[in-house]
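The values are calculated or read from the model by the stated rules, or taken from the named source; none is laboratory data. All values reported here derive from a predicted model rather than from experimental measurement. Cβ coordinates were reconstructed from backbone atoms using ideal geometry, including for glycine residues, and neighbour counts include every protein chain displayed.
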Amino acid sequence: MRFSAALIPTLRDDPADAEVVSHKLMARAGMIRKVAAGIYTYLPVGWRVLRKVEQIVREEMERAGAQELRMPAVQPAELWRETGRWNVYGKELLRVTDRHDRQFCIGPTHEEVITDLVRGEVRSYKQLPVNLFQMQTKFRDEIRPRFGLMRGREFIMKDGYSFDADVAGAEKTYRAMADAYHRIFRRMGLTFRAVEADSGQIGGSFSHEFMVLADTGEDDVVYCEACDYAANSEKATSKVAAPERRDTPAMERRATPGVHSVADVAAFLNEKPERFIKALVFNTDPPHGTLELGRKGWPTQLVMVLIRGDREVNEVKLANHLGVAELRLAEDADIARATGGPVGFSGPVGLPEGARVVADRSVASLTDAVCGANAADTHLAHVLPGRDFGIEAVADLDTARAGDGCPRCEGGTLAIRRGIEVGHIFMLGTKYSEQMNATFLDAGGRKQPFVMGCYGIGVGRSAAAAVEQNHDARGIIWPMPIAPYHVALVAMNMKSEALAGAAETLYRQMADAGIEVLFDDRNERGGVKLTDAELLGIPLIVVLGERGLEKGICEVKERAGGDTREVPLEAVCAELKQRIRDALGG
RNA sequence: CGGGGCGUGGCGCAGCCUGGUAGCGCACCUGCUUUGGGAGCAGGGUGUCGGAGGUUCAAAUCCUCUCGCCCCGACCA
């Protein structure tokens, strides 16, 4: 491609509305332009990158046995009503009405359409498994689109769906997809982690997110520095050392006038926070619900949660444990009425009949502990779980922290970094197939629902994540496999006929050799062209100047490390081909 | 949806408070010079001042409504 004939509108300044590097650089490199909030045009250079990403995804999906198809972007409401998601999905679902007053949505995902297809075409276990995927523009009417391609409303996604005859088969497919995802992101040159994720309301049995580690990520990734354990912060567990065991004398009341935070009480009583039982009262009702308070009963909506004084409750884990969708801390007045004591002095001892108390694992093993006494300015010392109070359930409700022990390996320590979710795979099970009556006949002639999985990759987001991970002050540094061009050929002065002629020859040779080259033949100063080549992030920059031409050489500069070598003109093509082949991994 | 802010040439912005008929840098167009790291000189303005009403002799500026966009929060991939 000749730069002079291309539409590559580079910008010198960052666009005012861009906040993260990938957004700034992709806009400045002339890759994307905003059309509306969260909606972008992909200009030629940007589109080349996205196509490369798509091609890697396509190759690896096919290698793993999946087949590409293409479903409609516009989907009938009818299908969404079958799964109930027409009502559940909310405002994120962009709904449209056609001229006949029929309702449709612009697909944010395609479980309904694919399940409808497969239930119509697949009848027998002999036809299974089936694994299908597509690359498509999706629309989700995000509350707050931001960060360019990282969180658009319209975005390109690879979404895949698998159908198996049984759980064992589905798990095998799931593992194959996980492997394919590892290969995909490795080929793209990304530093990433596959993390165990909370499968949430999607309802599957398990799920992994593929997170690119980058400071601008929107999620926390908890991972082990020694092994490959990784989980998102909503799901992460850790090993937390328990304080030494002690004999626990008889329980004793202690006056703690005016001190209620764990730290203050610990200092006041000269005891470590690790020996404290922190009691939090949660309300499981939706906001503004009315509490039915008996005279001295325990309201059914309230749950007391116990956790060690130095730890924090993970509300997602708690909500999952309790099987509720929403949780919030109870109102002060409700706590006081339920426990009989003011906020700040709550504890599990002596609660009314019927009180629900769940404890984190860290509390169950405590000895000689301290807790609130459900009375003003009073705490209880020498408390022993089980002896002095009862617990309905013990669960992992703790928020993992950096520095905690790894739950999987010996001696590993957990760290936390920000991550960008570029892929997500789910074991869906039979949720959709049952709701949509998608069945096949098994070997015994019985109707069975398909066991499904779904697998997404954000194409644009992956490209943006690659920029987040690979850039410097001058611009983007594309990994070779997703670079828009492999080589930028810069002729320092097109007004020099000798130089222009030599550059033309070199360009033709490169093109004939099958090298993806961007020939900057503009009549610009050399500095401008070099700056643009670097901003665009093209991995290899070939500089041809008058001095070099006299010696019959050009310079080959590596964008990433800045390494520059002089190469004889006749040897350039071979050298470039070799380096490109190496960088593409064979 | 709650809170804050912004819409002025292609991009980044000033002007608005205190109304007087639009400006700066870059980009762009023409010519000449220049060509190894975002050139110099000369000439050129390419603008419904987001839109609609209103106040006024006069509105980018004041008032009302409206649309769009950005940031923080809740939410989500």
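Among the residues of region A:74-109 satisfying the criterion of being within 14 Å of RNA strand B (Cβ to nearest atom) and not in a helix (DSSP H, G or I), which is farthest from A:G152 (Cα to Cα)? Break it down stepwise before answering.
Just the residues of region A:74-109 that are within 14 Å of RNA strand B (Cβ to nearest atom), to begin with: A:85, A:88-94, A:106-109.
Retained after the next criterion (residues that are not in a helix (DSSP H, G or I)): A:89, A:93-94, A:106-109.
Values: A:Y89: 18, A:L93: 14, A:L94: 14, A:I106: 15, A:G107: 14, A:P108: 12, A:T109: 15 Å.
Checking each candidate, the answer is A:Y89.
Output the qualifying pairs, or none if there are none: Cβ atoms under 8 angstrom, residues six or more apart or on different chains, first residue in region A:538-566 and touching a residue at least 24 places away in the same chain (Cβ under 8 Å), second residue within 7 Å of RNA strand B (Cβ to nearest atom) and of a type in the set (A, V, I, L, M).
A:I541/A:L530; A:V543/A:M492; A:V543/A:L530; A:L544/A:M492; A:G545/A:M492; A:E546/A:M492; A:C554/A:V543; A:C554/A:L544
When you check A:L576 against the structure, is it touching a Gly at 6+ places or on another chain (Cβ under 8 Å), of a type outside the set (D, E) and at pLDDT 95 or above, yes or no?
Working: touching a Gly at 6+ places or on another chain (Cβ under 8 Å): no; of a type outside the set (D, E): yes; at pLDDT 95 or above: yes.
Against the criterion (touching a Gly at 6+ places or on another chain (Cβ under 8 Å), of a type outside the set (D, E) and at pLDDT 95 or above), A:L576 does not qualify.
Kindly provide the set of residues from region A:522-548 that are more than 7 Å from RNA strand B (Cβ to nearest atom) and at pLDDT 95 or above, ordered by number.
A:K529, A:A533, A:L536, A:G537, A:I538, A:P539, A:L540, A:I541, A:V542
Go over the candidates A:A473, A:A415, A:A463 one by one and state the one that is without any contact (Cβ under 8 Å) to a residue 12 or more places away in the chain and farther than 30 Å from A:Y125 by Cβ.
Among A:A473, A:A415, A:A463, only A:A473 is without any contact (Cβ under 8 Å) to a residue 12 or more places away in the chain and farther than 30 Å from A:Y125 by Cβ.
Considering only residues that are farther than 27 Å from A:P407 by Cβ, loosely packed, with under 14 Cβ neighbours inside 10 Å and either under 40 Å from the mean Cα position of the chain (by Cα) or basic (K, R) (or both), which ones fall in region A:235-262?
Of region A:235-262, the ones farther than 27 Å from A:P407 by Cβ are A:247-261.
Remaining after also requiring loosely packed, with under 14 Cβ neighbours inside 10 Å: A:247, A:249-250, A:252-253, A:255, A:257-258, A:261.
Correct list: A:R253, A:S261.
Output the residues belonging to region A:487-499 that are more than 10 Å from RNA strand B (Cβ to nearest atom), closer than 17 Å to A:L530 by Cβ and of a type outside the set (V, I, T).
Filtering region A:487-499 down to residues more than 10 Å from RNA strand B (Cβ to nearest atom) leaves A:487-489, A:497-498.
Applying the additional criterion that residues be closer than 17 Å to A:L530 by Cβ yields A:487-489.
Those that are more than 10 Å from RNA strand B (Cβ to nearest atom), closer than 17 Å to A:L530 by Cβ and of a type outside the set (V, I, T): A:A488, A:L489.
For region A:314-431, list the strands (runs of 3 or more DSSP E) that sit wholly inside it and hold at least 1 residues that are among the charged types (D, E, K, R) and modelled with pLDDT of 90 or more; which are they? Let's see the steps before the verdict.
Values: elements: A:357-360, A:369-372, A:378-383, A:393-395, A:414-429.
In region A:314-431, A:357-360, A:414-429 are the strands (runs of 3 or more DSSP E) which contain 1 or more residues that are among the charged types (D, E, K, R) and modelled with pLDDT of 90 or more.
Could you tell me whether any residue of region A:138-150 is surrounded by fewer than 17 Cβ atoms within 10 Å (Cβ to Cβ), β-branched (V, I, T) and modelled with pLDDT under 90?
Yes, that holds for at least one residue.
Can you give me the number of residues within region A:120-142 that are away from RNA strand B (no atom under 16 Å from the Cβ) and among the hydroxyl-bearing types (S, T, Y)?
2
Residue check: is A:V195 touching a residue at least 40 places away in the same chain (Cβ under 8 Å) and surrounded by fewer than 22 Cβ atoms within 10 Å (Cβ to Cβ)? Show your work before the answer.
On the way: touching a residue at least 40 places away in the same chain (Cβ under 8 Å): yes; surrounded by fewer than 22 Cβ atoms within 10 Å (Cβ to Cβ): no.
Criteria not met by A:V195.
Pairs only if they're at least six apart or on different chains, beta carbon under 6 angstrom, first in region A:318-340 and assigned by TED's automatic domain parsing to the domain that holds A:G350, second part of a helix (DSSP H, G or I) and surrounded by 15 or more Cβ atoms within 10 Å (Cβ to Cβ); list them, first residue then second.
Final answer for the pair search is A:L327/A:E315; A:L327/A:A319.
Every residue, every condition in (1) within 26 Å of A:P145 (Cβ to Cβ); (2) of a type in the set (D, E, K, R); (3) modelled with pLDDT under 95, yes or no:
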| site | (1), (2), (3) |
| --- | --- |
| A:V21 | yes, no, yes |
| A:A37 | yes, no, yes |
| A:T41 | yes, no, yes |
| A:V45 | yes, no, no |
| A:K52 | yes, yes, no |
| A:R70 | yes, yes, no |
| A:A73 | yes, no, yes |
| A:V113 | yes, no, no |
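Residue by residue through region A:139-159, note down the ones that are under 17 Å from the mean Cα position of the chain (by Cα) and either acidic (D, E) or under 16 Å from A:I457 (Cα atoms) (or both).
A:R140, A:E142, A:L149, A:M150, A:R151, A:G152, A:R153, A:F155, A:I156, A:M157, A:K158, A:D159
Of these, A:I156, A:I184, which one is in contact (Cβ under 8 Å) with a residue 12 or more places away in the chain, closer than 25 Å to A:V49 by Cα and within 15 Å of RNA strand B (Cβ to nearest atom)? First the steps, then the outcome.
Details: A:I184 fails: within 15 Å of RNA strand B (Cβ to nearest atom).
Answer to the check: A:I156.
Just to be sure I understand, how many residues within region A:142-170 are assigned to a strand (DSSP E or B) and of a type in the set (K, R)?
So in region A:142-170, the residues assigned to a strand (DSSP E or B) come out as A:146, A:151, A:154-164.
Pick out the ones that are also of a type in the set (K, R) and you get A:146, A:151, A:158.
Of the residues in region A:142-170, 3 are assigned to a strand (DSSP E or B) and of a type in the set (K, R).
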